[in-house]
Amino acid sequence: MDRDLLRLAARLLDEETPYAVATVVRRERPSSAAPGNTAVITGDGAVHGWIGGSCTGPEVTRHAIASLGDRQPRLLAFGGSPGPRTDMIHVPMSCGSEGKVEVHVNPVFPAPRLLVAGSSPIAQAVARLGEAMGYRVAVAEGGDADAGAGPVLDESFASRYAARPAGVALYAVVATMGQGDEEAVEHLAAARADYLGVVVSPKRMRRVREYLAERGVCGSRIAKVRGPAGLDIGAVRPEEVAVSILAEIVSLARAGARAMEEAGEEDAATPAGAPATATDPVCGMTVPADGSRPSSTWQGRTVHFCCPGCRARFEADPAAYA
């Protein structure tokens with residue numbers, strides 16, 4: 001990559017904009033592309049750099065956008081006949097050129113966001129470890145509740161931090177040690193954090209779940225809250241607890257990536273007429289669209305939900321979830 005592309009790539013990451021790097025790794029003449037030609041391609045289809053002309057450019061762009069969707073790199077082979085290799089995607093040349101080109105496409109995503117609620121030693125240790133791992137860390141410490149300084153984390157703060165670009169993960173840890181943890185968890189559950197862990201005892205966590213249910217939080221969201229947060233590694237010191245929490249985040253993130261890859265493989269093999277599914281616009285859960293779950297009609301189309309609670313929230317303000 002030349003200097004201008006490197007600067008662009010750095011700026012996109014600073015702006016939390018995902019992109020794909022497409023690099024020509026092999027070619028056989030005649031072809032306008034050459035090994036080493038590189039382009040940065042964003043999700044809107046904008047191409048910066050050079051990866052060849054009309055014979056390859058549109059297809060590379062299409063696959064780059066797809067790689068941002070499934071988070072998987074791919075090696076494209078233009079021209080010739082499909083060979084025995086399974087690590088390549090064969091793409092017919094869209095023009096009369098008899099050349100052959102191989103292009104590697106790699107998606108690049110900004111660092112995940114890590115929101116830590118609380119000022120406890122565990123919260124501080126989680127923030128330090130998150131920064132060491134390269135996460136974008138924000139800490140909501142709040143104030144002294146006895147002095148009337150307000151909650152540790154309010155709805156507006158959670159909403160602002162959760163308003164993140166597509167493809168940017170949000171991990172949240174509530175380590176308030178019982179000071180306003182119910183409200184903090186409620187706001188973060190509404191923000192659809194990819195991971196939401198609470199540093200509490202099992203008994204206290206049961207009360208948090210009861211509070212969320214009383215507040216009308218959807219059961220699917222309550223089920224995703226991890227509490228007590230962290231893997232069971234026998235952690236005692238705050239730093240050890242922080243390690244267990246970040247290890248749990250990494251474990252779940254990697255498992256999610258594997259599941260996404262396997263789902264893509266299953267989709268490719270799914271026969272026509274397979275049962276349809278839909279996404280609950282309120283909690284993001286995948287639900288069957290066969291009439292077995294609650295549904296509602298909005299602007300002429302059927303919207304499916306995981307539970308009556310999500311349907312009620314949607315019907316109260318459809319524009320917020322559309």
Which one of Val236, Val250 is surrounded by 10 or more Cβ atoms within 10 Å (Cβ to Cβ) and either modelled with pLDDT of 90 or more or under 13 Å from Asp70 (Cα atoms) (or both)?
Val250
Cβ-Cβ under 7 Å, sequence separation 6+ or interchain: first residue in segment 72-85 and modelled with pLDDT of 70 or more and assigned to a loop (DSSP other than H, G, I, E, B), partner open to solvent by 30 Å² or more (accessible area, probe 1.4 Å) and basic (Lys, Arg). Which pairs?
Gly79/Lys100
Under 25 Å from the mean Cα position of the chain (by Cα), modelled with pLDDT of 90 or more and open to solvent by less than 20 Å² (accessible area, probe 1.4 Å): is that true of Ala46 in this structure?
no
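Yes or no, residue by residue, for (1) open to solvent by 50 Å² or more (accessible area, probe 1.4 Å); (2) of a type in the set (A, V, I, L, M):
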| residue | (1), (2) |
| --- | --- |
| Met1 | yes, yes |
| Leu8 | no, yes |
| Tyr19 | no, no |
| Arg27 | yes, no |
| Ile41 | no, yes |
| Ser54 | yes, no |
| Val60 | no, yes |
| Gly79 | no, no |
| Asp87 | yes, no |
Residue count, segment 8-38 (criterion: of a type in the set (Ser, Thr, Tyr), in a loop (DSSP other than H, G, I, E, B) and touching a residue at least 40 places away in the same chain (Cβ under 8 Å))
2
Residue pairs, Cβ under 6 Å, 6 or more apart or interchain, first in segment 227-249 and among the small types (Gly, Ala, Ser), second assigned to a loop (DSSP other than H, G, I, E, B). List them.
Gly227/Val200; Ala229/Val199; Ser244/Gly230; Ser244/Leu231; Ser244/Ile233; Ser244/Ala235; Ala247/Leu231
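The values are calculated or read from the model by the stated rules, or taken from the named source; none is laboratory data. From a predicted model like this one, the values you see are computed outputs, not experimental measurements. Don't worry about glycine lacking a Cβ; one is built from the backbone with ideal geometry, like all the others, and counts go over all protein chains shown. Surface accessibility is based on the protein's heavy atoms, side chains included, excluding ligands, DNA and RNA. Shrake-Rupley method; radii C 1.70, N 1.55, O 1.52, S 1.80 Å.
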